[in-house]
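Peer 1: One structure is given below, represented as structure tokens, and several questions about it will come after.
The values are calculated or read from the model by the stated rules, or taken from the named source; none is laboratory data. Since the model is a prediction, treat every value here as computed from it, not as a measurement. In this analysis, Cβ positions are derived from the backbone assuming ideal geometry, glycine residues included, and neighbour counts consider all displayed protein chains. Remember, those area values only see protein heavy atoms, side chains included, never the ligands or the DNA or RNA. Shrake-Rupley method; radii C 1.70, N 1.55, O 1.52, S 1.80 Å.
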Amino acid sequence: MENKNKDGQVIVVTSGKGGVGKTTTVANVASALAKMGHRVVVIDLDIGLKKLDLILGLENRVIYDIIQVIEGECTLKQALVKDKRFPELYMLPAAQTRNKEDITPEQVVALCAQLRPDFDYIFIDCPAGIEQGFRNAIAAADQALVVTNPEVSAVRDADRIIGMLESAAFTDIKLVVNRLRNEMVRQGDMLSVDDLLEHLCIDLVGIVPEDKGILVSTNKGEPVVLNERSQAAIAFNNIARRLSGEDIEFLSFDDESFWRRLTRGLFSSR
Amino acid sequence: MAIATTNKSEIYLNIGTLPSFAELEDELMYQLSNLSSYPPGTLVRIDIGEQRLTSKQVREVEDMLLDHGFYLQDLMSNGPPESEGDKEADEHPFDHMPYYNDTVMICRHLRSGQKLFSEGNVVILGDVNPGAEVIAGGNILVMGSLRGLVHAGAFGDETAVVSAYRMNPTQLRIANHITRPPDGENVDVSIPEVARIRTDKVVIEKLKL
């Protein structure tokens, strides 16, 4: 990207609907970018319902939170938590005892302006919903990643969110399809990526397959990108590489099923 | 071969059977130039023998007469009678489309939660997604997939039409008629369609252009 050695870019990860994997996407894509050597900071703006620290496994290292930074109780540098695995990754935790109304979009813009010179990527974990929390999260962002699952309710909310981002003059909006189950798509029981793209009409940046490993790594507080064998890890790594400007083909999950189809074909021919 | 007989305020033109419409036009043009002494508003009856004209050709004949200030009184033909089917096919859905002065054109997708209102017509170069609403006093034209809610003729104009490149709305309203797609049926139509009110019912038909 053109601002590689200049100011970092602010990327908001949002979805509208809750539970589609915003925080997981933030944690994993940020970790993947940090692993590649980029300087990355993640900001949890889900104030009152924080979980990014949990997923990154940094909960017990939190000392100050974003509200304390904004209210001047501590400096920004003091509040940033350094990741235990990647030296280039930092996290700014949310407060659990406060509300989303306690900060304003202007304060988020000011905060990001402070972070921009020191980082390549600033990820903002947006809360679910379209209220104050959402407005805070998108205020400073240059780019938006919309996470959705292949189900009608998530797609409807994603569509609403994209509409609101467009109204807020966002031009760089990209789609992450999470929890795709290819065998269900093949049977026609799940919306396909093509269906989603036809419906939402935005650029695709990643397809993440459903993976049990996500749940395990979330519970352990370890990003799944550390697990080389996981399909989801490959997908998140690819998203990170696409964000940093590499041109990578989308994962074809058919490779594995090709063998299954072949064996099925052999059996049926008998 | 053509005979022009006249009484006071009516001209009778017997053009006879000619092989093509072009020749009929030439003959008619020649005959009309000889009749310039008649006052404007004179009625004209034309006998075209065995020839058959489509309604579009009849309109052209009418226009030619009007250029000379004459009105077509009757067009007589001994040809085979026009079948009902032909009549239906000749009628274009847009023939009866009401006229509105202001038209709003939107060059983007309308997404869930977005609402568009116009007192006149609306043209959308993009999709209307589920959860989006388009309400127009006049007609609505969607040059993409229509998957949301649309209301044409919102002030009660029953002649308003909704047409879409892909018609698949959540709900479609014209004037005070509210319709939705039938439950359980998922018909995949991949042609442009137009919805309008016919005999007090909203019907969706193929868009012929």
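Peer 1: Could you tell me how many cubic angstrom of Cα convex hull volume the range B:103-206 has per residue? Walk me through the intermediate numbers first.
Peer 2: Values: hull volume 8.9 nm³, N = 104.
Spread over its residues, the Cα hull of the range B:103-206 gives 86 Å³ apiece.
Peer 1: Something else about it: So if R0 is 30 Å, what FRET efficiency would B:Met105 and A:Thr75 give, r being the distance between their Cβ atoms, rounded to the nearest 0.05? Let's see the in-between values first.
Peer 2: Values: r = 52 Å, r/R0 = 1.74.
The formula returns an efficiency of 0.05 here.
Peer 1: If amide hydrogens are placed 1.01 Å from N in the peptide plane, which non-local residues have theirs closer than 5 Å to the one on A:Arg98?
Peer 2: Those qualifying (amide H under 5 Å, at least 5 residues apart or on another chain) are A:Gly48.
Peer 1: What angle do you read, to the nearest 10 degrees and between 0 and 90, between the alpha-carbon axis of helix B:21-33 and the longest principal axis of chain B?
Peer 2: Roughly 60 degrees between the two axes.
Peer 1: Also: Between A:Glu183 and B:Lys201, how high is the FRET efficiency from 1/(1 + (r/R0)^6) when r is the Cβ-Cβ distance and R₀ = 45 Å? Nearest 0.05. Mind dumping the intermediate values first?
Peer 2: On the way: r = 44 Å, r/R0 = 0.98.
Given R0 = 45 Å and the Cβ-Cβ separation, E is 0.55.
Peer 1: Still on this structure: Over the Cα atoms of the range A:6-143, what radius of gyration and what Dmax do you get, in Å?
Peer 2: Values for the range A:6-143 (Cα only, Rg and Dmax): 13.2, 36 Å.
Peer 1: If you don't mind, there's one more thing I want to ask. Could you sort A:Phe250, B:Phe155, B:Phe117 by their accessible area in this structure, using a 1.4 Å probe and putting the largest first? Before the final figure, lay out the partial values.
Peer 2: Numbers: A:Phe250 80, B:Phe155 140, B:Phe117 115 Å².
These residues rank, largest area first, as B:Phe155, B:Phe117, A:Phe250.
Peer 1: Taking trypsin sites (Lys or Arg not before Pro) that fall in a DSSP loop and have at most 16 other Cβ atoms within 10 Å as cut points, what is the longest piece of chain B between them? Walk me through the intermediate numbers first.
Peer 2: Numbers: sites that count: B:Lys8, B:Arg52, B:Arg108, B:Lys208.
Looking at chain B, B:109-207 is the longest stretch - no exposed trypsin sites (Lys or Arg not before Pro) with at most 16 other Cβ atoms within 10 Å.
Peer 1: Here's another thing I want to ask about it. Please list A:Ile207, A:Ile239 in order of solvent-accessible area, largest first, computed with a 1.4 Å probe with all protein chains present. All intermediate terms of the calculation are to be shown ahead of the outcome.
Peer 2: Working: A:Ile207 25, A:Ile239 0 Å².
Solvent-accessible surface, decreasing: A:Ile207, A:Ile239.
Peer 1: Here's another thing I want to ask about it. Give me the base-10 log of I(q)/I(0) for the range B:157-209 at each q in 0.21, 0.23 Å⁻¹, Debye formula, one uniform scatterer per Cα, rounded to two decimals.
Peer 2: Evaluating at q = 0.21, 0.23 Å⁻¹ gives log10 I(q)/I(0) of -0.78, -0.92.
Peer 1: Something else now. With a 1.4 Å probe and all protein chains left in place, how much accessible area per residue does chain B have, in Å²? Display every interim value, and only then the final one.
Peer 2: On the way: 11720 Å² over 209 residues.
Heavy-atom SASA per residue in chain B reads 56 Å².
Peer 1: What fraction, in whole percent, of alpha-carbon pairs in the range A:9-268 exceed 23 Å separation? Working shown, then result.
Peer 2: On the way: 16599 of 33670 pairs.
Beyond 23 Å sits 49 percent of the P(r) for the range A:9-268.
Peer 1: Next up: In the range A:124-252, with Lys and Arg counted as +1 and Asp and Glu as -1 at Cβ, which of these residues, A:Ala141, A:Gly206, A:Val216, has the Cα nearest the positive end of the dipole, that is, farthest along it?
Peer 2: A:Val216
Peer 1: Okay, next question. Only protein chains counted, 1.4 angstrom probe. Which residues of the range B:111-128 are at least 10 Å² less accessible in the assembly than when their chain is isolated?
Peer 2: Buried by 10 Å² or more upon assembly, which counts only protein chains, are B:Arg111, B:Ser112, B:Gly113, B:Gln114, B:Asp127.
Peer 1: At 1.4 Å probe size, with every protein chain present, just tell me what the per residue accessible area of chain A comes to in Å².
Peer 2: Numbers: 12660 Å² over 270 residues.
Per-residue accessible area for chain A comes out at 47 Å².
Peer 1: If you line up the long axis of helix B:55-67 against the longest principal axis of chain B, both from Cα atoms, how many degrees apart are they, to the nearest 10?
Peer 2: It is inclined by approximately 60 degrees.
Peer 1: Any idea what log10 I(q)/I(0) is at q = 0.17, 0.18, 0.21 Å⁻¹ for the range A:57-98, Debye with uniform C-alpha scatterers and no solvent?
Peer 2: Debye output, listed in q order: -0.42, -0.47, -0.62.
Peer 1: Short version: what are the Cα gyration tensor semi-axes of the protein assembly as shown, square root of 5 times each eigenvalue, largest first, in whole Å?
Peer 2: Numbers: eigenvalues 910, 140, 69 Å².
The answer is 67, 26, 19 Å, longest axis first.
Peer 1: Just reorder A:Glu73, B:Glu60 by solvent-accessible area, largest first, 1.4 Å probe, all chains present.
Peer 2: On the way: A:Glu73 120, B:Glu60 65 Å².
I get A:Glu73, B:Glu60, largest accessible area first.
Peer 1: Right, next: Determine the total buried accessible area between chain B and chain A, counting protein heavy atoms only with a 1.4 Å probe; round to the nearest 100 Å².
Peer 2: Values: alone 12210 and 13100 Å², together 24380 Å².
The buried area between B and A, both sides summed, comes to about 900 Å².
Peer 1: I've got another one for you. With point charges of +1 on the Cβ of Lys and Arg and -1 on the Cβ of Asp and Glu, referenced to the Cα centre of the range B:133-209, which listed residue (B:Val187, B:Leu209, B:Ile135) lies farthest in the positive direction of the dipole?
Peer 2: Farthest along the dipole direction, towards plus: B:Leu209.
Peer 1: At a Förster radius of 22 Å, what calculated FRET efficiency corresponds to the Cβ-Cβ distance of B:Ile178 and B:His96, to the nearest 0.05?
Peer 2: Values: r = 21 Å, r/R0 = 0.96.
The calculated FRET efficiency here is 0.55.
Peer 1: As a test of the formula, what do you get for chain A when each DSSP H run with n ≥ 4 contributes -39,500 (n - 2.57) and the sum is divided by the residue count, at 222 nm and rounded to the nearest 500 deg cm²/dmol? Don't skip to the answer; put the middle values down first.
Peer 2: On the way: 12 runs with 113 residues, N = 270.
It lands at -12000 deg cm²/dmol.
Peer 1: Quick check: at a probe of 1.4 Å, how many percent of the accessible area of chain A sits on carbon and sulfur atoms? Could you put the intermediate results ahead of the total?
Peer 2: Working: 6160 of 12660 Å².
So the carbon and sulfur contribution to the accessible surface is 49 percent.
Peer 1: Counting only DSSP beta bridges with both residues in the protein assembly as shown, what percent are antiparallel, rounded to the nearest 5?
Peer 2: Working: 18 of 81 bridges.
Just about 20 percent of them are antiparallel.
Peer 1: Roughly to the nearest percent, how much of the accessible area of chain B is carbon and sulfur, given a 1.4 Å probe? Walk me through the numbers on the way to the answer.
Peer 2: Working: 6050 of 11720 Å².
Answer for chain B: carbon and sulfur cover 52 percent of the accessible area.
Peer 1: How big is the Kirkwood radius of chain B, worked out from every pair of different alpha carbons and given in Å to one decimal?
Peer 2: Details: mean 1/r = 0.0496 Å⁻¹.
By the Kirkwood definition, the hydrodynamic radius is 20.2 Å.
Peer 1: Provide the net charge surrounding B:Val202, with neighbours chosen by a C-beta distance below 11 Å and charges set as Lys +1, Arg +1, Asp -1, Glu -1. Numbers along the way, then the final one.
Peer 2: Values: positive: B:Arg173, B:Arg180, B:Arg196, B:Arg198, B:Lys201; negative: B:Glu158, B:Asp200, B:Glu205.
Once positives and negatives cancel, what remains is +2.
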